[in-house]
Amino acid sequence: MEALLSEFTFLSDQALQDKNFDPSTIEDLMKLFEIESYKAWAAMELEQEEELKEAETSMQQAEGYLDSVMEAAMDEFRRLEEEMERMAKAELKDLEDTADKARKMGNLMEKAAAIASKKYVEAALNSATASMKSAWKGLSSKKVHPS
């Protein structure tokens with residue numbers, strides 16, 4: 001492009017100095033300017049398309065990386081969720097076992113209390129029976145109890 005500008009400057013000077021100057025030479029030069037402009041435009045457009053392809057490729061790589069990172073994060077989340085579920089089930093089973101043991105212990109304590117209550121009632125009845133027998137003996141022998 002600089003060579004064309006130098007040529008244009010040279011032809012402009014020549015046109016000013018030479019009365020027999022042929023204007024078609026400047027027209028030919030202007031056609032060369034036009035061709036050079038189209039070439040530069042095409043080259044720029046090609047470069048822009050290449051940059052666009054590179055940008056699209058980079059974008060696809062970034063999307064691929066993002067997808068892989070997201071998938072890894074989701075896998076980690078699923079593993080964590082499964083682990084938490086296992087832990088919750090284990091804790092629930094432990095609580096159920098503890099509750100079952102407490103229920104059994106409560107039943108045993110209820111039975112023990114019932115047995116102790118029966119024995120107490122039996123002992124009270126036996127004591128009352130013995131007292132009554134002793135009182136009947138005392139009455140039949142006509143002895144009075146000192147109390």
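The values are calculated or read from the model by the stated rules, or taken from the named source; none is laboratory data. Every value quoted in this text rests on a predicted model; they were computed, and no experiment measured them. When we count neighbours, we look across all protein chains shown, and the Cβ atoms used for this are built from the backbone with ideal geometry, even at glycine. Side chains are part of the model used for accessible areas, which takes the heavy atoms of the whole protein and leaves out ligands, DNA and RNA. Shrake-Rupley method; radii C 1.70, N 1.55, O 1.52, S 1.80 Å.
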Legend entry - Any hit, region 48-56, residues being of a type outside the set (A, V, I, L, M), under 30 Å from the mean Cα position of the chain (by Cα) and either more than 30 Å from Leu4 (Cα to Cα) or modelled with pLDDT under 95 (or both): yes
Legend entry - Pairs, first without any contact (Cβ under 8 Å) to a residue 60 or more places away in the chain in region 1-28, second small (Gly, Ala, Ser) and open to solvent by less than 80 Å² (accessible area, probe 1.4 Å), C-beta under 8 Å, six or more apart: Met1/Ala40; Phe21/Ala15; Pro23/Ala15; Ile26/Ser12; Ile26/Ala15
Inset, instruction - Scan region 1-21 residue by residue and report those that are surrounded by 12 or more Cβ atoms within 10 Å (Cβ to Cβ) and either part of a loop (DSSP other than H, G, I, E, B) or within 60 Å of the chain's Cα centre (by Cα) (or both). - result: Phe21
Legend entry - Verdict on Met74 being open to solvent by 100 Å² or more (accessible area, probe 1.4 Å) and not charged (D, E, K, R): no
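Residues are listed down the side, and each one gets a yes or a no for (1) of a type in the set (Ser, Thr, Tyr); (2) open to solvent by less than 100 Å² (accessible area, probe 1.4 Å); (3) without any contact (Cβ under 8 Å) to a residue 40 or more places away in the chain:
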{"site": "Ala102", "(1), (2), (3)": "no, yes, yes"}
{"site": "Gly106", "(1), (2), (3)": "no, yes, yes"}
{"site": "Glu122", "(1), (2), (3)": "no, no, yes"}
{"site": "Ser127", "(1), (2), (3)": "yes, yes, yes"}
{"site": "Met132", "(1), (2), (3)": "no, no, yes"}
